Structures are given as C-alpha cells and as structure tokens.
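Here is the structure we will look at, set down as structure tokens.
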Amino acid sequence: MRWVKRHILPAYALLAFCYLLLPIAVVILFSFNAPSGRFNYVWEGFTFDNWVNWDAPPGIQSAVGKSLEIGLLSTIVATVLGTLLALAIVRHQFRGRGATNMLIFLPMSTPEIVLGASLLTLFLNRQIVTGFGTIFIAHVMFIVSYVVVTVKARLIDFDRHLEEAAMDLGANEWVTFRKVTLPLLAPAILSAALLGFALSIDDFVITYFVSGPTQTFPLFVWGAARVAVPPQVNVIASAIFLVAVLVMIGNVLWGLRARRARESMPAAVPLPETLPTTEPA
Amino acid sequence: MLFFVAPLGFLGYQSLQTGTFDTGYTFDWAFSNYWDALRDYHDQFVRSFLYAGIATIVALLVSYPLVYWIAFRAGRWKNVFLILIVAPLFVTYLVRTLAWLNILADQGPVVGFLRDIHVLGPDGRLLATSVAVVAGITYNFLPFMALPLYVSLEQIDARLLEAAEDLYASKRQAFLHVTLPLSAPGIVAGTLLTFIPAAGDFINAQLLGTPKQYMVGNVIQSKFLDVLDYPSAAALSFILMALILVGLLVYARAVGTERLTG
C-alpha cells in the first residue's frame, strides 16, 4: 500500500507525458511513412524519401518560404516596436498610459477568430487588398503584445542606478541606452523575439482571415487537409519541432552557463591566499 | 494603438449593416443581425461554451498532478520536464491536430482497444464525435493551463508545508488548506488562458468532428470566408466576445467573493 502511494504520482506523471508526447511521436514517425495511396493514415513502411524530396508537393516550398519571410520580418518590426512601447509604458507618464496598458492585453484575451475577423473587416472597409502585406500587419499586431509583456516584466525590476552610474560617468542618454539599458534587456528581448517568431510561424486562424491569395505553411496544411495531407507536411513540422527544441535546449544550457559564471565570479578575481608577511628571509 | 481599436470599431460598424455581398452593404443600425444570429446559431454557441468548459476542466485535472510532481518532486530535472510540457506547442497547431486523426482512426489502436473492452460497440468510432473534438481542444490548450499552474506551485514556500505538518496536519489537510489555496492564482490564470481560445476554436471541430460538432468559430469562419455574409459574421463575433467578457466578469466575481469569505 505504501509502495503504491509513493509511486502513484511519478507513474501518473509518466502517463501524462506519454499523452503529451504521443502526437509528436506520431507526427515524426509518419514523416518516414511510405503510403501507397494518397492518405497518410496507416503505417506502410519506412522511407527517407519524404525528407529528401520535402519540396515535392506543389506549393509547399513557396508556402514554407512565405512563412519564414513573414516570421522574420514581423518579428523584427514587432520586437523594436514592442520594446519601445514597453519603455514608454514603464518609464514615462503620458495621457492614455492606463488605456495602452489595457489594450496590450486585448489581443491576448480575445479569441483569435475575433481578431482575425475584425482585421478582415477593417481591410475590407478600407479597400486594402489582402495578401502578404496584410498578413505582415496582423502578425506584427499580435507579436507586439507578447514583446511588450515580456520586456515590461524585465523593466519593472530593472535597477535604474546602473543607468544613473553611467550618466554620472559622463555617458549621454543614447550611449547609456546602448551600452547599459539594451544589454541588460537583451535576454528578455531575445526570448520575446523567439516567442514571437514561433507564434508567427504557427499562426493559422488570424492568417487565414487576412491572407488573400498568399499561402503560408499552416494555410498549405489546411488546404491539404481537405483532400489528403502528403507526408512532406510531417517532414516540415518535424523539422520546425527539432529546431525549436534545439533552441530551447541551447537557451537552458546558456542560462546554466551564465549562472555558473556568476557563481564563480569571486574566483575570477583571486584574493591573495596569504597576506604578505614580513618574514625574516 | 490604432492596431487594436480600429479593427474592433469596424467590426461593430459592419455588424449593424444590411445587404448582400453583390449589392453592397449599407449601415442602418440593423440590430436584428444580433437577434437573428442568436436565434439561428443558438446551438453552436451552447456547444462552444460547453466544449470549452469541459476541455478546461479536463485540462486542469490532467495537468495539476503532473505540474505538482514537477514543482515538488522532479528536483534538478525541472527544466527538462517543463520543455516536455511545452513541446506540443512546437509542432504546428494543424499538424498536431491531424496527428489525432492517426491516433483515433477507426483502424487505430485506441478504437481497437475500446472495442475489445466493449466501451465502444463493434462499429463504434471516436472520430467525428464530440469526444474527439473535446479531446483535441483539451490537448491543444493543455500547456496554457500547465504553465501558469507550475509558476504558482513553484512559488510556494516549502516551509509553509513543513509548518502545516508540524501543526499536525495530515498530508491531505496540508494540501487542501495550504497548497491548493496558494495555487489559486495559477488555476485562475490557467482557466482563462485555456477557456478563451477554446471557446473561439474551430479547427478541432472541423478536422476531428462533423458539422454536428460545429462551434461558433466554424460559423463565423464560413460566413466570413465562404458565404461572404459579413454583417451576420461580424455580429456573431461580437456576441462571442461579449459572452466571453460576461463570463470573465462572473468568474472574477465568483473567485473574488470566494477569497473574501475563505
């Protein structure tokens, strides 16, 4: 009875992880499947062909290209905008600051479908042709929120004495910002950018509404799901997954190294082991 | 700034128009769009909130013990287990939903097993049922429940639990009176982060279900992009948002008063 009690939680955790990871295993496994017909539902044999000819299904290559392009562009723009917005909200008193603060949360607390629908009506009413440009605008919009929230969290417990020290030492505002503020915010900005890129690459709902004729990878999958999904879709998804996991592991290792470096800091400035004494030679 | 408010304004404007795509729309305070939407899609609204509610509760029940184990028992491997929890988010949303097609397929192992133990009849299926749709929603939004829960459990001071034990609380009492109340912020955040996107979802119903499982999201999506009936689609979106907001307020109220009396 005791044995059961002690092991029930770990056993449960193991089961839960199986549940979480099973679909991922299925996605990766079926990227190596060699389906005889058009449907990739049943396991029929192992092959590397799908990985070698990942661009075989017509349209998949340009869809992946578009996803990467939009992801990179919108992440860069949204990261710059979001960081500046976070600085403005935390550091400056301006009219409408509270409202801005609230509105930042709007995209996060509204179902994506409502955001997509409202953006589409905006574009329709202003007679803006939907396509690459509108996807870009929509992605910037939702990534900005996440950047602001992440950077703001970091700014709130930011030690402003460091900036004051730089100013006292004769640095002007711009130099202080570049040499002190920015490096200290860098980890938060970087993780916000990574998150934003991941969200952009993965986004389907909003993109679907504002895409017009442009096709990103998730839209390609949606179109394929109406007929038959080629195994190459699993190849791309597996590749994205592997890159993301590598980045995560890199991030954790980097954090560990930084912590270790900090812990060993005193050793970097060795104190003299024994005080110099005047011993008779 | 303009990004957030302007689109919603246009959505409201559109929702009060009448006309068709071919003849063009005119704005005439057509509140009837709202009544028509509620009357015609009553079922889909109920289904959206029902599915999202069940999925949120199941996600809470599934992730709580798991996250509890990670926060208190996993030791130095915590970060690795956290990566495993968010791992599903790294697989494209649509592709991981499609993976459930493979898993729940009629010839698949899960259906086979359930037929063998007579939970399902010999022709019983999982795909194209509400169960599949709710399971898909639960799976897809589980990490949004697990992460805030983890954060709140992780912050609990272990000394409080020791103190409870010193004061002769049983393990169960310590959990009910110390751990559970202290993790309440995580439960609240997790439920919101799961429920809100789940209520607007249409992907799971489309891929794992049939029109009988369609939710409001499906209706909005097809009205906007297939039927091009913009005013009624806009009205539906607004109703969905309003219902979620009302739900939020009621929930905040309930959680708040509970804390006051607790």
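Here are some notes:
- Checklist (1) surrounded by 16 or more Cβ atoms within 10 Å (Cβ to Cβ); (2) more than 22 Å from B:GLN213 (Cβ to Cβ) applied to B:ALA105, failing item: (2)
- For beta carbons closer than 7 Å, sequence separation of 6+ or different chains, a first residue in the range B:60-77 that is under 17 Å from B:ILE137 (Cα atoms) and in contact (Cβ under 8 Å) with a residue 12 or more places away in the chain and a second that is of a type in the set (Phe, Trp, Tyr) and part of a helix (DSSP H, G or I), there are no qualifying pairs.
- Residue pairs meeting the criteria (Cβ under 6 Å; at least 6 apart or on separate chains; first facing chain B (nearest Cβ under 9 Å) and closer than 27 Å to B:ARG172 by Cα, in the range A:5-24; second of a type outside the set (Ser, Thr, Tyr) and surrounded by 13 or more Cβ atoms within 10 Å (Cβ to Cβ)): A:LEU9/B:TRP69; A:TYR12/B:PRO65; A:ALA13/B:LEU66; A:ALA13/B:TRP69; A:ALA16/B:LEU66; A:PHE17/B:LEU84
- Just one of the listed residues (B:LEU50, B:LEU66) is crowded, with 16+ Cβ neighbours inside 10 Å and either more than 8 Å from every other protein chain (Cβ to nearest Cβ) or assigned to a helix (DSSP H, G or I) (or both), and it is B:LEU66.
- Of the numbered criteria (1) facing chain A (nearest Cβ under 9 Å); (2) surrounded by fewer than 18 Cβ atoms within 10 Å (Cβ to Cβ); (3) at pLDDT below 85, the one B:SER15 fails is (2).
- Note on the range A:1-55: residues that are in a helix (DSSP H, G or I) and modelled with pLDDT of 85 or more total 27.
- Remark: A:ARG178 matches the filter, which requires a residue to be assigned to a helix (DSSP H, G or I) and out of contact with any helix residue (DSSP H, G or I) (no Cβ under 9 Å at 6 or more places or on another chain).
- Residues that are at the interface with chain B (Cβ under 9 Å from one of its Cβ atoms) and not in a helix (DSSP H, G or I), drawn from the range A:118-146: A:ARG126
- Inter-residue pairs, beta-carbon under 7 Å, first more than 25 Å from A:LEU106 (Cβ to Cβ) and in the range A:148-174, second of a type outside the set (A, V, I, L, M, F, W, C), 6+ apart: A:GLU163/A:THR176; A:GLU163/A:THR181; A:ALA166/A:THR176; A:ALA166/A:LYS179; A:MET167/A:THR176; A:ALA171/A:LYS179
- Complete set of residues in the range B:171-220 that are β-branched (Val, Ile, Thr) and within 9 Å of another protein chain (Cβ to nearest Cβ): B:ILE196, B:ILE203, B:VAL216, B:ILE220
- The condition of being buried (at least 21 other Cβ atoms within 10 Å of the Cβ), within 10 Å of chain B (Cβ to nearest Cβ) and either in a helix (DSSP H, G or I) or out of contact with any strand residue (DSSP E or B) (no Cβ under 7 Å at 6 or more places or on another chain) (or both) does not hold for A:PHE197.
- Sole residue being within 12 Å of chain B (Cβ to nearest Cβ), part of a loop (DSSP other than H, G, I, E, B) and modelled with pLDDT of 80 or more, chosen from A:ALA237, A:ALA244, A:ALA228: A:ALA228
The values are calculated or read from the model by the stated rules, or taken from the named source; none is laboratory data. Bear in mind that the values here come from a model prediction, so they are computed numbers and not experimental data. As a convention, Cβ positions derive from the backbone with ideal geometry for all residues, glycine included, and neighbour counts pool all protein chains shown.
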